[in-house]
1. Return yes or no: is residue 25 open to solvent by 100 Å² or more (accessible area, probe 1.4 Å), part of a helix (DSSP H, G or I) and touching a residue at least 12 places away in the same chain (Cβ under 8 Å)?
2. Working only within region 28-41, note down all residues that are open to solvent by less than 80 Å² (accessible area, probe 1.4 Å), among the hydrophobic types (A, V, I, L, M, F, W, C) and part of a helix (DSSP H, G or I).
3. Here are some conditions: (1) modelled with pLDDT under 95; (2) of a type in the set (A, V, I, L, M); (3) in a helix (DSSP H, G or I). Residue 1 meets all but one. Which one does it not meet?
4. Only one residue in 52, 48, 44 is touching a helix residue (DSSP H, G or I) at 6+ places or on another chain (Cβ under 8 Å), among the charged types (D, E, K, R) and in a helix (DSSP H, G or I). Which one?
5. Any residue in region 6-21 that is of a type outside the set (Gly, Ala, Ser), open to solvent by less than 100 Å² (accessible area, probe 1.4 Å) and not in a helix (DSSP H, G or I)?
Amino acid sequence: MDLKELRTKSADELNKHLVELHKERFALRMQQATGQLAKSHEVRRVRREIARTKTLLGQKN
């Protein structure tokens with residue numbers, strides 16, 4: 001998700017998005033562990049988006 005889109009969301013929406021990102025990261029880690037992960041760059045993308053979301057949450061509080 002783009003940074004501009006994240007900035008328009010409320011704190012509750014950002015928290016929900018953060019939960020979804022953690023679920024996605026877990027699924028990617030499981031795929032990587034079993035050797036089924038085709039797009040290894042997705043792990044990095046999700047990890048960075050989690051960091052962006054946490055940063056915005058800190059700014060909103």
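1. Values: open to solvent by 100 Å² or more (accessible area, probe 1.4 Å): no; part of a helix (DSSP H, G or I): yes; touching a residue at least 12 places away in the same chain (Cβ under 8 Å): yes.
Spelling it out, it is not the case that residue 25 is open to solvent by 100 Å² or more (accessible area, probe 1.4 Å), part of a helix (DSSP H, G or I) and touching a residue at least 12 places away in the same chain (Cβ under 8 Å).
2. 28
3. Evaluating residue 1 over (1) modelled with pLDDT under 95; (2) of a type in the set (A, V, I, L, M); (3) in a helix (DSSP H, G or I) leaves (3) as the failure.
4. Of the residues listed, the single one that is touching a helix residue (DSSP H, G or I) at 6+ places or on another chain (Cβ under 8 Å), among the charged types (D, E, K, R) and in a helix (DSSP H, G or I) is 52.
5. yes
The values are calculated or read from the model by the stated rules, or taken from the named source; none is laboratory data. Predicted model only: the values in this text are computed from it and were never measured. Cβ sites come from the backbone with ideal geometry, for glycine too, and all protein chains shown count toward neighbours. The accessibility values were calculated without ligands, DNA or RNA, using every heavy atom of the protein model including side chains. Shrake-Rupley method; radii C 1.70, N 1.55, O 1.52, S 1.80 Å.
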